[in-house]
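Taking it in order: structure first as structure tokens, then the write-up.
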Amino acid sequence: MKIAMIGSGYVGLVTGACLAEVGHTVACVDVDPEKVRALNTGVIPIFEPGLERIVAGNGAPGAPIFYYSGTRCG
């Protein structure tokens, strides 16, 4: 399944990574361009056991990919 995760904070990042881990194609969108840049280079802004390993698979099938959107929802 293709999933768009809005937000790459504590909830969105971990949820998106877990969904990617079980085989879904996940695109995470965030309004913070610095956070997106960091995530795409493997820098994880939060600690969650195993999260770094999952995100390090960026580019592999099912791995999360991070995008910037200057538009705020809501």
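The values are calculated or read from the model by the stated rules, or taken from the named source; none is laboratory data. Keep in mind that this is a model prediction, so the values were computed, not measured. Here the Cβ positions follow ideal geometry from the backbone for every residue, glycine too, while neighbour counts run over all protein chains shown.
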Being exposed (fewer than 15 other Cβ atoms within 10 Å of the Cβ) and not in a helix (DSSP H, G or I) is the filter here; which residues of the range 33-52 pass it? T41, G42, V43, P45, I46, F47, E48, P49, G50
Can you work out which of the residues in the range 53-62 that are assigned to a loop (DSSP other than H, G, I, E, B) and touching an Asp or Glu at 6+ places or on another chain (Cβ under 9 Å) is modelled with the highest pLDDT? G57
How many residues, within the range 1-40, are among the aromatic types (F, W, Y) and within 14 Å of Y68 (Cα to Cα)? 0
